[in-house]
């Protein structure tokens, strides 16, 4: 152990809202060795690691890592290339749709390695980890253990001096775990002086580390080499040592788990039975001819490598999946997904936490009690009883998200047992739970099984838990290898421990696949490392994100298709749909006069293509009714004696009522009616007064410019393109960032040397490209399918479109910095793009005619200016010279929006 | 189906919504500020139309004509030269440009019927039509008054009394407010149910429901009623306090009848949301699908432009959208004061569409859960 510590913490504190995660932590972590962080769940291990990695902003105290203050952005930027951080959770920072190779490649690019260098390193890492045969498999399709190895490859690609691993082996089977630590050991051999900090829940792993930190309640309990901790507590194993280190109040509740033997002869009734059960997904067989029989009241353990079909088997037993072959029975009855009565007898706990994080503990319990149909009057008592049994009474009004994993798992179990089921199916219930909480969990299981006769079918990766089962099955690659009591299995391999027996079985089974853990290759020559590219803007890092985003788009063809073809469909629908040419307006006449001249007036209207005549009105009541129902938009009333009065030269008035419910239409109707009236008057005047009247005072020449035929489509199509080019690219851009936030991979941005601008622009580029493709398709569509004449300069339009889609995607990126959930992102983007683009940007009403706040939005909204350019180039035969004015706002918007995005984007979690 | 399950699952949905403050803020925004701003921004009939006048005559009559254009119908006219006319129209500064030729007054008085030229930017369809008519009648009126006394007229004494019913001033904001409320209803109904369902799947909670004695039917009904209730409450609030209150739009008809229509529309839309969620594989796909459904629903339902002017095939297709019927119902009830006897066909249509969508979505939902 070298002299100066790799990390030095002074009085560090951290709070999430009112929860105190870390409290006055002062600690020097020695350099060049393996340091383990041990302690129950929710004591602040992960928080501490993310602070050291620079992923989270420091709230209190001072943290020095690799000789500099982590509160200083400049230092952080300098040391990111020297730190590797692998966050908690199976592959949480990986990209599930990208292949194994692409994932590692992405990290290599982030750290600025050249192509050859990357390929060499990736090949080495894949060989070392045994992932080489799976290089092309998407990360999402890997088993848990393989994901962890891939995460390690991604972390190691840049030769870190400090490797931070947060529970890297949680949920990983014993064989994979063993291989994982062998790998770490080899890497340490080849890279002398590398410091490793690991948080772990496995005490037997921790026992092999050089130096340990025991934590509880956000504080450090003790630190030192394992042997020293054992000596100090006078214990022989770390589990006991840790319990001894706990404050007396917590220690008191602890008892060793003792499972009484099953009462003899009591459990001959078969609770769960599987016969030749199989499950195929396509040509992949997940479960292959599995048979077993579990007696009532038995605790049956299910062990196996990751991805071997344990979860699938359990899902078939609960009816969540329908078996492709064989049969399964519960209490002698075939499993039928539609049979609700059998569901009442089964309690199921799925692998991940699957309760409602938006409901409190009490609400979750009550909801499930009600859904299982417990009588309403017994529910409060039952909830209270269950809460007491699972020691949840103190957390009844907390939200599950705020609770440590161990308590959350207790809640899941409480929910699974609230209806007193006869069978419990538990899928890795203790994964990620600390030893103390795990023991508590097993005491409850023992009680349920032995005293209440509940049959328990449980899967686990912990050998000490497997030893507590009455019988266990070892599963691998969809097949059951062996099924017996734990003692018999150990004996059959003549091994010392169950773990050794288990690993033996697995190695036999995998021998055929020859995943040889290669002997440590010669320490790779890594001297030519292009170390620490800490330039403020690095094109390679930016393109790493571009490439990643592009790959994801390519791997999700539905999204790309929707984005391109979808906008064409929308254009088609909207182009034909929005039509300003109002025709076929229905009208009816109330003719009190009914003379030749009054009928002539009516003919004037019904003869035009704009109006369709409906049966005459019979009276005012009829008029009211038919206007109310919307059957007619115009009613005309010709007064009695119209013909007579007209002949005598008396002034007569014709009444016209327009349906004003839809003002745009009413306005058009008014124009038509007035025009028709004038024409009729002029015509009659000519008939009556002769040629004299034909001559007006003046002539009015109306020129409809740019669109001489006054075709609605010619006016609308150029304006619809800007609307579509705004909404779809901004939606894609928003989701590309918010999705990383929601799914956790944003942490890669926090802990790598990528700057905010590189991140934003890198993500933006592929969407700009998609949007430009969209633009070309839309423009071609307008010209070819809609036959809209294109009269101006296409180069000008294309240049403007390019600027505009940059603005559109940048708007999406700015939005994404505020929004954290994908639902809010979708809703928010729809709100801020659709309404302004459709209503304030000159699509229908010119911006100059708007008023109030809408006018203000119209003036600053980029769509306004692109509409001007699109109409100018399509209809007005204009080029760059005339339209240059409209380019200026777009050019200003780009740096402003990207600047805002970069300013609001957080480089660390808070 | 057990009513109790539906009730409790629905309450669970409502509690979940309360825990997402950002979403609540967006809902409130969609039904208050968004509606208010949009309605206030909408020009009243012909509002502040930009007009320029090229006065080559500089006579009493040309000055008179220029003076006749003033707000609110028109912006004060820009007096420009003939050279400026083209560039200003190209830049989109003016919708109308009126050219009064030299010696216009002299020729007018001499009875030589001189010609005025009116240039209209026909890419702005909405103003081009109505505004053109206005300009002509204003100019004619000014010239007639100018000529009054100079010559006697030979015209027929028939006047046309034009009145608009239900919205005498043809205030676009009235209608715009309602059509925006309808857009918000549609958007929210789809997003709340659809996106929430995808989230349940992404977070694994849907699987948990399936091992319990609840049926797909109960799950779906609970989502429909709870989210529908939120949207219905928000729209009722919006109508009473924002539309009738802040915007002072007179509502002629029965609010209850409108809300009954809204309930049916929301029912159909929430079912559609569930259907979209079952076919979208991920949130980004759902977002795109949402856009592809929302825009046609908003633009083609008759809420933005009149249905009569759409091609027959689109009119026909849009009859399958509940929105179309809801827009008809909203116009009839809120503005024309129509009663149940008038709008029952729309209610019936929405009910049938909603029921069909429900059955269709339920089938998809069942398969989706497998």
Bridge type composition, chain B - antiparallel percent by DSSP, nearest 5: 30
Can you grab the distance from the C-alpha centre of region B:232-304 to the C-alpha centre of region B:1-35, Å, no decimals? 15
For region A:128-226, what does the convex hull of the Cα positions come to per residue, in cubic angstrom? 120
Considering region A:585-689, what Rg and Dmax in Å follow from its alpha-carbon atoms? 13.7, 43
What fraction of the Cα pairs in region A:340-382, stated in percent, has a spacing above 16 angstrom? 46
For region A:729-874, convex hull of alpha carbons as volume per residue, Å³: 120
P(r) over all Cα-Cα pairs of region B:1-89, 5 Å bins from 0 to the longest distance, whole percent per bin, short to long, reads 3, 11, 11, 10, 10, 7, 7, 6, 6, 6, 6, 5, 5, 4, 3, 2, 1
By count of other Cβ within 10 Å, fewest leading, how are A:735, A:110, B:162 ordered? B:162, A:735, A:110
Using only C-alpha positions, report the orientation-averaged shadow area of the convex hull of the protein assembly as shown, nm², one decimal. 54.3
Taking every pair of alpha-carbon atoms in region A:1-120, what share in percent sits in each 10 Å bin, from 0 to the bin with the longest distance? 11, 36, 33, 17, 3
Going by the alpha-carbon gyration tensor, a ≥ b ≥ c the square roots of its eigenvalues, is chain B rounded (a/c under 1.5) or, if a/c is not under 1.5, prolate (a/b greater than b/c) versus oblate? prolate
If you average 1/r across every pair of different Cα atoms in region A:406-503 and take the reciprocal, what Kirkwood value do you get, in Å? 14.4
If you count the DSSP beta bridges with both ends in region A:270-511, what percent of them are antiparallel, to the nearest 5? 55
Please give the Cα centre distance for region B:90-152 versus region A:759-832, rounded to the nearest Å. 41
Convex hull projection area averaged over all views, region A:463-506, Cα basis, nm²: 2.7
Please list the radius of gyration and Dmax for region A:356-480, considering alpha-carbon atoms only, with Å as the unit. 15.1, 48
Report the semi-axes of the equivalent ellipsoid for region A:270-511 in whole Å, largest first, where each axis is √(5λ) for an eigenvalue λ of the Cα gyration tensor. 30, 21, 16
Classify region B:45-175 as rounded, prolate or oblate, taking a ≥ b ≥ c as the square roots of the eigenvalues of its Cα gyration tensor: rounded when a/c is under 1.5, otherwise prolate if a/b is larger than b/c and oblate if not. oblate
Mean projection area, nm², convex hull over Cα of region A:803-897: 6.6
Work out Dmax and Rg for region A:648-767 from the C-alpha atoms and quote the Rg first, both in angstrom. 30.3, 94
Compute the normalised compactness of region B:247-342: alpha-carbon radius of gyration over 2.2 N^0.38 Å, N being the residue count. 1.23
Which three extents, in whole angstrom, do the alpha-carbon atoms of region B:161-305 cover along their principal axes, largest first? 69, 28, 22
Based on other C-beta atoms within 10 Å, arrange A:562, A:850, A:776 from fewest to most. A:776, A:562, A:850
Going by the alpha-carbon gyration tensor, a ≥ b ≥ c the square roots of its eigenvalues, is region A:788-858 rounded (a/c under 1.5) or, if a/c is not under 1.5, prolate (a/b greater than b/c) versus oblate? oblate
In region A:7-251 the DSSP beta bridges are antiparallel at a rate, in percent to nearest 5, of 55
Residue-averaged [θ]222 nm for chain A, counting only DSSP H segments that reach four residues, each worth -39500 (n - 2.57): -15500 deg cm²/dmol
Descending semi-axes in whole angstrom, ellipsoid equivalent of region A:7-251, from the Cα gyration tensor: 30, 21, 16
Return the distance in nm (one decimal) between the two label points of a simple spin-label model at residue A:291 and residue A:651, each offset 7 Å from Cα along Cα→Cβ. 10.6
Neighbouring Cβ atoms within 10 Å as the yardstick, rank A:111, A:794 fewest first. A:794, A:111
Give, to the nearest whole percent, the P(r) tail of region B:181-262 beyond 21 angstrom, counting all Cα pairs. 42
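Bear in mind that the values in this text are calculations on the coordinates, not laboratory data. From a predicted model like this one, the values you see are computed outputs, not experimental measurements. Cβ sites come from the backbone with ideal geometry, for glycine too, and all protein chains shown count toward neighbours.
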